[in-house]
Amino acid sequence: MGGFHSKPKPKPTPKSSNPNATITPLDRAILDLKNSRDRLTKYRAKLALDATKLASRAKTLHSNNDTKMALQLLKLRKYKLHEADRVEEQLLNVLRMVDKISEKQNENEVISAMKRGKDALEILHKEVGIDDVLDLMDEVRDQSEVERRIG
């Protein structure tokens, strides 16, 4: 009721968690690869469905004694199956590439974490120099000597 005369509801706009976020070329490449993967998957399914339909039509034509047309449909089916195999290879290549990209991203994260750790160690080493450590060890040794004398 009232659908014709009512005002359309405004569609909510998606809000990102970071308003200053930008799409990097790496993000764009991953998105493109995933879109290609989706298209190839749909195309592969369509080819498989077409091949099944062609086989059933060829069988029907053969049972109606139209062998010449049935053979043509079987040749077309063979082409579709060959095309499906080619699409499968492309799909595997795309999946490998997506995996390699994510693997390299993980490697970069590990390397940057190691760099941050190295920098933190350098800062700590600057705060506590070797002379400080040697002095502290001498003081601990002196205190142990005093305690040994008392005890």
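What the table shows:
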read-out	value
Portion, in percent, of the accessible area of the chain that falls on carbon or sulfur, probe 1.4 Å	59
Most mobile listed residue (Asn64, Asn93, Asn20) in the chain, GNM with C-alpha springs under 10 Å	Asn20
Cα-projected label distance for Lys104 with Ile123, points at 7 Å along beta-carbon direction, nm	3.1
Label-point separation in nm, Asp27 to Leu95, each point 7 Å along Cα→Cβ	2.7
Violating pairs (Cα-Cα greater than 25 angstrom) within the set Lys34/Lys78; Lys42/Lys78; Lys46/Lys100	Lys34/Lys78; Lys46/Lys100
Probe 1.4 Å, all protein chains present, accessible-area order of Arg57, Arg28, Arg77, largest first	Arg57, Arg28, Arg77
Per residue solvent-accessible surface (Å²) - the chain, probe of 1.4 Å	89
Per principal axis, descending, Cα span of the stretch 56-128 in whole Å	95, 14, 6
Spatial separation of Cα centroids for the stretch 121-151 and the stretch 34-66, in angstrom	80
R0 of 35 Å, Cβ-Cβ distance Val133-Ala113: FRET efficiency to nearest 0.05	0.85
Gain upon complete extension [Ala45, Ile150; 0.36 nm per residue less C-alpha separation]	29.1 nm
Cα gyration tensor, the stretch 94-151 - rounded (a/c under 1.5), prolate or oblate	prolate
Label of the coordinate-derived value, Rg and Dmax of the Cα atoms in Å, listed as (1) 19.9, 66; (2) 34.9, 115; (3) 19.4, 73	(2)
Peptides ranked, highest mean first, by Cβ atoms within 10 Å: ranges 101-111, 122-132	101-111, 122-132
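The values are calculated or read from the model by the stated rules, or taken from the named source; none is laboratory data. The shown structure was predicted, so the numbers you read here are calculated from the model rather than taken from an experiment. Positions of Cβ are backbone-derived with ideal geometry, glycine not excepted, and every protein chain shown enters the neighbour counts. To get the accessible areas, we keep the full protein, side chains included, count just its heavy atoms, and leave off ligands, DNA and RNA. Shrake-Rupley method; radii C 1.70, N 1.55, O 1.52, S 1.80 Å.
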